[in-house]
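Report on one structure; see the data block that follows.
Every number in this text was worked out from the coordinates using simple rules, so none of it is lab data. For clarity, every value in this text was computed on a predicted model and none was experimentally measured. Positions of Cβ are backbone-derived with ideal geometry, glycine not excepted, and every protein chain shown enters the neighbour counts.
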Amino acid sequence: MSAETPAPITVPEHVLDYLGEHRKLTLATASPTGVPHAATFLFVNVGPQLYFWTRPETTTAKQVAQNPVVSFAVDDYEEDWSKTKGVQGTGECRVLLNSSDIIDVAGTFAEKFPKAQSSGKTTNISFFRITPTQIQFIDNTEGGRSSDEEFGLDFKREVVYSVFTGLPRQQALGFTGELQPINVAAGEIIVRQGAPADKIFIIITGEVGIEREEADGSKVELDTLRDGQFFGEVAILRDTPREATARALTDVTLLALQRDTFQKLVAGSLGTTWDFDSVIKQRLEQGGGV
């Protein structure tokens, strides 16, 4: 893949094997006003990134252009529910524009679906990449549970990857629909020291450098943040302007959460999630926050 390809996401090997063995996914999209749509596609994966193709005039393509936040599922129906497995997740979906990426993905499709090749032309279709923000793996062979009080079976789900590392997962999931995907090119400033603090950012892929300008004009490099880490919360918690500048060191994909929503997340989580309490206390005590 070219430089446009996101940095790797760490996902367990058995989950990647499951994705590699399967051929179709169900993708759920929504319009900006919340009108839902679901469709089934052939797909390939390169690690945890999922790729599919569709025509530009389809509802899926139009909704992704308007709202790139999607959900997806890869699974099979099993008569014996104790053998059920599957992958479910959420992510950010973008059309591929880089020609070398399109060629690579088209080649991966040709390898996985050799009987589906036609003339090989891809001019009337678009390829899309789904970069996961959370992945759950269903594996009832590891203890799916029947219940007399429930219809059917309680599926055993395990979160095997999440960008909400360091945030209280259950509360954060409630705000997933309010996350705004943002792409920033390498070298560009994401937030500037001294600016108002209006949102926090979660890094999906890429590297972000945190730097502070001193009174004498010199710059001090404070930290380098990577996939799954978040920044921008310190100034919101302290109700101050940005205390440092965040700059994209590589091409970066972010999820942004507005100030008011983050404050609600904090208010609803402090005292209930020990790990989050520790993170907030540490961020406020140590210097170098944004």
Pairwise label distance in nanometres, ARG238 with GLN66, each label 7 Å out on the Cα-Cβ vector: 4.2
Label-point separation in nm, GLU188 to HIS22, each point 7 Å along Cα→Cβ: 3.4
Net charge of neighbours whose Cβ lies under 15 Å from the Cβ of GLN66, counting Lys and Arg as +1 and Asp and Glu as -1: 0
Label-point separation in nm, SER31 to SER218, each point 7 Å along Cα→Cβ: 5.7
Chymotrypsin sites (Phe, Trp or Tyr not before Pro) within the stretch 1-97: DSSP coil, no more than 13 neighbouring Cβ in 10 Å: TYR77
Amide H contacts of LEU96 (H built 1.01 Å from N, under 5 Å, at least 5 apart or other chain): PHE127, PHE128, ARG129
Equivalent-ellipsoid semi-axes of the stretch 193-272, from the Cα gyration tensor, Å, largest first: 22, 17, 10
Segment LEU97-ASP154, extension gain: residue separation times 0.36 nm, minus the distance between their alpha carbons: 16.4 nm
Dimensionless Rg/Rh of the stretch 36-145 - Kirkwood Rh, Rg from C-alpha atoms: 1.01
